[in-house]
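For reference, the structure is listed below as structure tokens.
Computed from the coordinates by the stated procedures, all read-outs in this text should not be read as laboratory data. These figures come from a predicted structure and were not determined experimentally. With ideal geometry, Cβ positions are generated from the backbone for all residues, glycine too; neighbour counts draw on all protein chains shown.
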Amino acid sequence: MWPSTSRAARWLSGWVELLFPPRCLVCGKEIEGLTPLCSGCAAEIRRWEAVCQVCGVGIEPGLDLCPDCAVEARAFAWARSIGPYEGVLRALVFLVKYEGERSVARFLAREMAELAEEAQVVTWVPPDPVRLRERGFHGAEILGQEVAKALRLPGRPLLRKIAPSPPQVGRSREERVRAMHGLFSATKRGHGEKVLVVDDVFTTGATASEAARALLDVGFGEVGVLTCAHTVGKE
Ligand SMILES: [Zn+2]
Ligand SMILES: [Zn+2]
């Protein structure tokens with residue numbers, strides 16, 4: 001690029017910022033700097049004091065596992081999320097999932113990357129082909145690419161969906177988990193690489209377990225899961 005062009009671009013973006021100052025994507029307040037939300041909204045994101053060593057949900061300090069992980073085998077080695085799926089965090093996830101807002105994805109991905117254990121490659125829960133065609137983007141992929149960038153790891157589409165997601169509403173937890181079996185297949189064989197699977201929200205963990213199973217089946221190593229948020233209560 002010619003130096004004069006980039007100078008012109010900087011001059012122009014300076015003017016754009018003056019005329020349209022960046023606003024917090026959650027509350028609309030004017031902000032400075034590169035974050036997509038104001039400090040007030042950022043501070044409202046709730047974190048857990050202690051989390052389940054397996055699925056990452058908030059638990060009472062002093063315990064190791066949540067009641068679900070105490071009785072249920074998970075195919076992934078660990079899962080972590082920024083916090084509970086509520087309030088500001090929920091609004092941010094919405095912006096990524098339904099609007100494909102990349103600045104928000106970048107913000108969330110940086111927070112998620114802080115929680116990651118060692119891995120060699122980053123991937124994401126694959127889209128439903130029909131939904132991808134309708135929306136034109138896939139929130140989990142945007143998040144996955146941003147997490148990969150934040151961790152300086154390759155981001156690769158290692159999974160594909162081979163069956164449409166079953167309806168989740170009105171089903172028991174057991175039914176939901178069973179209905180997820182065989183939903184994904186891997187796009188290539190692994191050689192023991194540790195993989196990070198990124199998704200927007202962790203609900204029952206059935207999706208994460210199926211994604212992990214598909215990767216382990218073809219030779220990938222330990223699978224960890226990073227999501228923006230973890231649902232709490234009945235969802
Ligand atoms: Zn705000
Ligand atoms: Zn757990």
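Summary of values
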item: CD proxy at 222 nm, helix term only [per DSSP H run n ≥ 4: -39500 (n - 2.57); per residue of the chain; nearest 500]; result: -11500 deg cm²/dmol
item: Virtual spin-label span in nm between E86 and L34, 7 Å along Cα→Cβ; result: 3.3
item: Evaluated over the stretch 110-222, the Cα radius of gyration and Dmax, each in Å; result: 13.9, 41
item: The chain, relative contact order in percent, only Cα pairs under 8 angstrom and at least six apart counted; result: 20
item: Rel. contact order, % - alpha carbon contacts under 8 angstrom, at least six apart, the stretch 27-139; result: 21
item: Sites excluded, trypsin sites (Lys or Arg not before Pro) in DSSP loops with at most 15 other C-beta within 10 Å, longest stretch of the chain; result: 48-151
item: Viscosity 1.567 mPa s, 4 °C: Kirkwood-radius Stokes-Einstein D of the chain over Cα pairs, µm²/s; result: 68
item: Most mobile listed residue (H138, H181, H191) in the chain, GNM with C-alpha springs under 10 Å; result: H191
item: Percent of alpha-carbon pairs separated by more than 11 Å within the stretch 98-143; result: 71
item: Cα-based Lys pair tally, the chain, threshold under 28 Å, eight or more apart or on separate chains; result: 12
item: Cut-off 16 Å, label 7 Å out along Cα→Cβ of R171, residues of the stretch 48-87 by amide N; result: none
